[in-house]
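Peer 1: First, the structure itself, so that you have it in front of you.
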Amino acid sequence: MRYISASIVVPVVGNFLKNGVVAIDESGIVKGIYENNDVAILDKEKELYDGVLIPAFVNAHCHIELSHMLDKTEKGVGLPRFLSAVMKRRAADEREILEKITFADELMWKNGIQAVGDHVNTSHSAEVKAHSRIRYHTFVEVMGLNKDELQPRIDSARDTEFYFDANHASITPHAPYSCSKELFKAFKRTVNEDNIFSVHNQESDEENKLFRYREGEFLDFYKEMGFDAEGFKAQARNSVQSYLPHLPKNNRLILVHNTFTSLKDIDFINRQDRDVYYCICPKANLYIEGKLPKILNFIPDKTKMILGTDSLASNDTLSILDEIKVLATHFDHLDFLQLLQWATINGAKALGLEDTIGSIELNKRPGLLLLKGMNNLRIHDRVTMQRIA
Ligand SMILES: [Zn+2]
């Protein structure tokens, strides 16, 4: 048994403890949480740390199979041009792809990430995930705009899903601009209720333009890539209001990015009475669009906010702590304890992993991190992190 004591222990669920002690067994399972002067641990030898002890992070959105694309795309060009760059440049030697996946998996572990919601189009990451210390939920993306390719696309996603842990994999529509209405509808017939969806949502205002007016850069993108854009008609409303009614209602849904989601959209989503989580990927948003979501709009849904890094195609590292720092810098009203919930327990719940990770609670195996250089419980740029367990 290890008895780990830190200046402040923040269990996320429950109150924080000054000079608290967390007992974990050899496998990292929490066996006790104690006040500093608890008689039960008076004679135990403790590891003493100067800093804030927290549970490890959940990265709710990544594409680990794109890890070889670090520095391969231009910044600030907007989503349609970013997508076309990724599609043209993602091909690479398979050995290099696998090496970079291994590198990213180790990087995320080192950066204090305990679980990842990871999007794939291929089975490239299956082997690394099967042996990783990180818990993964794999979202196999489906996209398709042409009528005759609907079922083959879904069948092929099912084949890919087969390579991953069946209890922690699901198929998901990729994004509203890459799936036809018919494809969204086809999901209704093919998925069980325990299949979690994770859809890229309103990452660019061009997506809203496409759905509202059938205008904008996505039409150029379709032309350039030879995609059929016939299915898109001007809807006079934003994308999420157009496609959401086509998705089955009882499945949990993670909406990723939400950079151009309006109050009206959120109101629309709330009225649908669904189990929705909002995933924010601040650094990727700044990289691609140079903009952050209107965080204040989402705050009534504090328990539904989660954080992601997106991939190394649109980020220079895979660190949830860095994402927290960006949000804390841009939004004064977000305090550390709130952001920490987004980065841990909320993400664990979204991925269905809250029984074992996301908070320092008895019998969980959350992973433990020490944040150093904090000013009480205030986060700033110079805070560093060390993985303790
Ligand atoms: Zn993404």
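Peer 1: Is the stretch 79-122 rounded, prolate or oblate when judged by the Cα gyration tensor, a ≥ b ≥ c being the square roots of its eigenvalues, rounded requiring a/c under 1.5 and prolate requiring a/b larger than b/c?
Peer 2: Values: a/c = 2.52, a/b = 1.53, b/c = 1.65.
Because a/c hits 1.5 or more and a/b fails to exceed b/c, the stretch 79-122 counts as oblate.
Peer 1: Something else about it: List the lysines whose Cα sits under 22 Å from the Cα of Lys291, skipping any in the same chain fewer than 8 residues away.
Peer 2: Result set, ordered by chain and number: Lys72, Lys75, Lys209, Lys264, Lys283, Lys302, Lys304, Lys325.
Peer 1: Follow-up. When the chain is fully extended, how far beyond the present Cα-Cα distance does Glu215 get from Leu337, taking 0.36 nm per residue of separation? Walk me through the intermediate numbers first.
Peer 2: Values: separation 122, 0.36 × 122 = 43.92 nm, distance 4.17 nm.
Extending this stretch completely gives an extra 39.7 nm.
Peer 1: With runs of 4+ DSSP H residues as the only contributors, calculate the mean residue ellipticity of the chain at 222 nm using -39,500 (n - 2.57) per run, divided by the residue total and rounded to the nearest 500. Could the numbers behind the result be given before it?
Peer 2: Values: 14 runs with 124 residues, N = 389.
After summing the helix terms and dividing by residue count, I get -9000 deg cm²/dmol.
Peer 1: Let me ask you something else. With the crude spin-label approximation of a point 7 Å out along Cα→Cβ, what separation in nm comes out for Gln386 versus Asp93?
Peer 2: 3.9
Peer 1: Taking the stretch 107-191, which GluC sites (Glu not before Pro) meet the DSSP loop condition and have no more than 16 other C-beta atoms within 10 Å? Intermediate results must be reported in sequence, preceding the final value.
Peer 2: Values: sites: Glu127, Glu141, Glu149, Glu161, Glu182; in loops: none.
Passing sites in the stretch 107-191 do not exist.
Peer 1: Please list, in chain and number order, the residues 5+ apart from Val140 or on another chain whose amide H is under 5 Å from its amide H, with Hs placed from the backbone.
Peer 2: Long-range HN contacts for Val140: Val120, Ser170, Ile171, Thr172.
Peer 1: Roughly how far apart, in whole Å, are the Cα centres of the stretch 159-200 and the stretch 85-128?
Peer 2: Distance between centres, Cα-based: 20 Å.
Peer 1: What lysines does Lys46 reach when the alpha-carbon gap must be under 27 Å and sequence neighbours fewer than 8 apart in one chain are set aside?
Peer 2: List returned: Lys18, Lys31, Lys110, Lys364, Lys372.
Peer 1: For the stretch 348-360, what does the Karplus curve 6.51 cos²θ - 1.76 cosθ + 1.60, with θ = phi - 60°, yield as ³J(HN,Hα) per residue in whole Hz, taken in order and with x for Gly and Pro?
Peer 2: For the stretch 348-360, the Karplus-derived couplings read 4, 5, 4, 8, x, 10, 5, 5, 10, 9, x, 7, 8 Hz, x marking Gly and Pro.
Peer 1: Name the residues whose placed amide hydrogens come within less than 5 Å of the amide hydrogen of Thr309, ignoring near sequence neighbours (fewer than 5 apart) on the same chain.
Peer 2: Under 5 Å from the amide H of Thr309: Ala60, His61.
Peer 1: Name the residues of the stretch 79-104 whose amide N is less than 14 Å from a point 7 angstrom out from the Cα of Lys223 along the C-beta direction?
Peer 2: No residue passes the distance filter.
Peer 1: Classify the stretch 222-374 as rounded, prolate or oblate from the Cα gyration tensor: take a ≥ b ≥ c as the square roots of its eigenvalues, call it rounded if a/c is under 1.5, otherwise prolate when a/b beats b/c and oblate if not. Show your work: numbers first, answer last.
Peer 2: Working: a/c = 1.87, a/b = 1.50, b/c = 1.24.
The shape class here is prolate.
Peer 1: Moving to a separate point now. Residue by residue, what Karplus-based ³J(HN,Hα) values in Hz, rounded to whole numbers, does the stretch 29-44 have, using 6.51, -1.76 and 1.60 with θ = phi - 60° and x for Gly and Pro?
Peer 2: Rounded to whole hertz, the list is 7, 6, 10, x, 10, 10, 5, 4, 9, 4, 5, 4, 10, 4, 8, 7.
Peer 1: Which shape class applies to the stretch 57-357: rounded if a/c is under 1.5, otherwise prolate when a/b exceeds b/c and oblate if not, where a ≥ b ≥ c are the square roots of the Cα gyration tensor eigenvalues? Walk me through the intermediate numbers first.
Peer 2: Values: a/c = 1.26, a/b = 1.10, b/c = 1.14.
Taking the square roots of the gyration eigenvalues as a ≥ b ≥ c, the stretch 57-357 is rounded.
Peer 1: Further question: Using alpha carbon centroids, what distance separates the stretch 1-78 and the stretch 296-360, in Å?
Peer 2: Each part reduced to its Cα centre gives a spacing of 15 Å.
Peer 1: Which of Thr384, Thr356 comes first, and how do the rest follow, when ranked by fewest Cβ neighbours within 10 Å? Walk me through the numbers before you get to the answer.
Peer 2: Values: Thr384 11, Thr356 15.
Ranked by crowding around the Cβ, least crowded first: Thr384, Thr356.
Peer 1: Taking R0 as 41 Å, what FRET efficiency do you get between His330 and Arg133 from their Cβ-Cβ distance, rounded to the nearest 0.05? Kindly include the intermediate steps, with their values, before the conclusion.
Peer 2: Numbers: r = 32 Å, r/R0 = 0.78.
Plugging the Cβ-Cβ distance into 1/(1 + (r/R0)^6) gives 0.80.
Peer 1: Which distance in nm do the two modelled labels at Lys291 and Ile29 give, with both placed 7 Å along the Cα-to-Cβ direction?
Peer 2: Each label point lies 7 Å from its Cα, and together they span 4.9 nm.
Peer 1: Could you list which residues have their amide H under 5 Å from that of Thr261, counting only those 5 or more apart in sequence or on another chain, with H placed in the peptide plane?
Peer 2: Long-range HN contacts for Thr261: Lys294.
Peer 1: Tell me, in nm to one decimal, what length is gained between Leu42 and Glu106 on full extension, where the rule is 0.36 nm per residue of separation less the Cα-Cα distance?
Peer 2: Working: separation 64, 0.36 × 64 = 23.04 nm, distance 3.66 nm.
Length gained, Leu42 through Glu106: 19.4 nm.
Values in this text are rule-based calculations from the coordinates and carry no lab data. Keep in mind the model is a prediction, meaning the values are calculated, not measured. Don't worry about glycine lacking a Cβ; one is built from the backbone with ideal geometry, like all the others, and counts go over all protein chains shown.
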